1. Looking at 78, 52, 59, which one is without any contact (Cβ under 8 Å) to a residue 60 or more places away in the chain and among the hydrophobic types (A, V, I, L, M, F, W, C)?
2. Report whether or not residue 194 is more than 20 Å from residue 47 (Cβ to Cβ), touching a residue at least 40 places away in the same chain (Cβ under 8 Å) and in contact with a helix residue (DSSP H, G or I) (Cβ under 8 Å, 6 or more places away or on another chain).
3. May I ask you to say which residue of 239, 181 is within 16 Å of the ligand (Cβ to nearest atom), over 25 Å from residue 85 (Cβ atoms) and among the β-branched types (Val, Ile, Thr)?
4. Looking only at region 159-188, which residues are more than 22 Å from residue 221 (Cβ to Cβ) and open to solvent by 10 Å² or more (accessible area, probe 1.4 Å)?
5. Yes or no: region 192-209 includes at least one residue that is closer than 25 Å to residue 170 by Cβ, open to solvent by 20 Å² or more (accessible area, probe 1.4 Å) and within 14 Å of the ligand (Cβ to nearest atom).
6. Regarding region 105-128, can at least one residue be identified that is open to solvent by 20 Å² or more (accessible area, probe 1.4 Å), closer than 25 Å to residue 75 by Cβ and away from the ligand (no atom under 15 Å from the Cβ)?
7. In this structure, is residue 332 part of a loop (DSSP other than H, G, I, E, B), open to solvent by 60 Å² or more (accessible area, probe 1.4 Å), over 28 Å from residue 55 (Cβ atoms) and more than 16 Å from the ligand (Cβ to nearest atom)?
Amino acid sequence: MPEVLFPLDSARSFTDQEKVGHNRWHPDIPPAVTVRPGQSFRVHCREWFDGAIHNDDSAVDVRDAPLSKVHALSGPFAVQGAEPGDLLVVDILDVGPIPQEDSGPLAGQGWGYTGIFPKRNGGGFLTDYFPDAYKAVWDFAGQKATSRHIPGVTFTGMIHPGLMGTAPSAQLLATWNQRETALRATDPDRVPPLSLPPEPRDAILGTLSGADFDRVAAEAARTAPPRENGGNQDIKNLTKGSRVFYPVYVPGANLSVGDLHFSQGDGEITFCGAIEMGGFIDLHVDLIKGGMSTYGVSENVIFLPGNTNPQYCQWLAFSGISVTLDGEQRYLDSQLAFQRACLHAIDYLTKFGYTPEQAYLLLGAAPIEGRFSGVVDIPNSCATVYIPTEIFDFDVRPSAGGPTRIDPGQGAPKASF
Ligand code: ZN
């Protein structure tokens, strides 16, 4: 096991630890640890809400989730010799939940959760159709996940970090703030908002204090969106064995990681659509000097996905086109086409006895594949959603005999405002 360079004690809060991480992006957040190129090390990660979501049968915690506190990130890790213009090479050697003998109240200790966030607190991909809060708790047994809130399914996790990235330069941070502010100004009262401004409340900035803390807290970018530095990309294929290449924007690169997921469907459609958990990740870092210009990788991330994914080979797929539910034709709107494909899958699964919310949660959490199948055939984009049929305890395929109805059990806990 590599040396633990960023330990977390499960019995204490994220801010009451030997090393304090952060929950904003800013070049002036001091590195928590310095590592060498070629070094391997273990990092503990807190679940993204630092334990605010509980293993119970209520969704009140999801409804009231403190979005100003996310994401609880481990790091930054400064890499000796890294300079702006380099590519930081990050190998994910291993990643997993908190060991189950450590079983306790935190997500990752034998369990995790998926949330449908309410329209008034975060929203989600289908928030207009699912405006309230729902939650599903998943139990882990080895590689498998099952949920008392979504009966009839068992699947193998695709464990990955939802969020990993390098620190922005001051100039890049200013660009983020400028362009996201301009977007928000086009419809400032929208619910959910078009973007999130810097939020000093609940900011955690490592060892910063005093006037430096106040200045950085007022400028630092929120961690929700993915950006040029990687960040909250929520790519389910960043599994164990992946090699990721990040642009370096500040001396030391200042890599941070968190938001571990036991599993996730493409798109993470319920917003907190993955199975959220705390855990560990083992990383190896190296540098390609000057790699940003050598490979033309200066404002994006490239990666070699891991090859330890579950081997599902039977799929039931749903298509959607860029026509709204009200029948309005839109021009090559792939986002809409993907929404329609998801809604078709949800409608289908309700024929087997699931509630729409159970089906939505399942699409967010299970290893579904989402694809843009056609983006050129005017006026309709075509998007597709592939569900592995092997995850169901029953035959989910269409047949002349009609669907086998399952008992939806207690359903997914709900909370409204
Ligand atoms: Zn997440």
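1. Numbers: 78 fails: without any contact (Cβ under 8 Å) to a residue 60 or more places away in the chain; 59 fails: without any contact (Cβ under 8 Å) to a residue 60 or more places away in the chain.
It is 52.
2. no
3. 239 is the lone residue from the list that is within 16 Å of the ligand (Cβ to nearest atom), over 25 Å from residue 85 (Cβ atoms) and among the β-branched types (Val, Ile, Thr).
4. Result: 159, single match.
5. No: region 192-209 contains no residue that is closer than 25 Å to residue 170 by Cβ, open to solvent by 20 Å² or more (accessible area, probe 1.4 Å) and within 14 Å of the ligand (Cβ to nearest atom).
6. Yes.
7. Spelling it out, it is not the case that residue 332 is part of a loop (DSSP other than H, G, I, E, B), open to solvent by 60 Å² or more (accessible area, probe 1.4 Å), over 28 Å from residue 55 (Cβ atoms) and more than 16 Å from the ligand (Cβ to nearest atom).
Each row is one residue, and each column tells you yes or no for (1) among the aromatic types (Phe, Trp, Tyr); (2) in contact (Cβ under 8 Å) with a residue 40 or more places away in the chain.
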position: 108; (1), (2): no, yes
position: 130; (1), (2): yes, yes
position: 139; (1), (2): no, no
position: 168; (1), (2): no, yes
position: 185; (1), (2): no, no
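The values are calculated or read from the model by the stated rules, or taken from the named source; none is laboratory data. Note that the structure is a prediction, hence the values are computed from the model and not measured. Note that each Cβ is placed from the backbone with ideal geometry, even for glycine, and that neighbours are counted across all protein chains shown. Side chains are part of the model used for accessible areas, which takes the heavy atoms of the whole protein and leaves out ligands, DNA and RNA. Shrake-Rupley method; radii C 1.70, N 1.55, O 1.52, S 1.80 Å.
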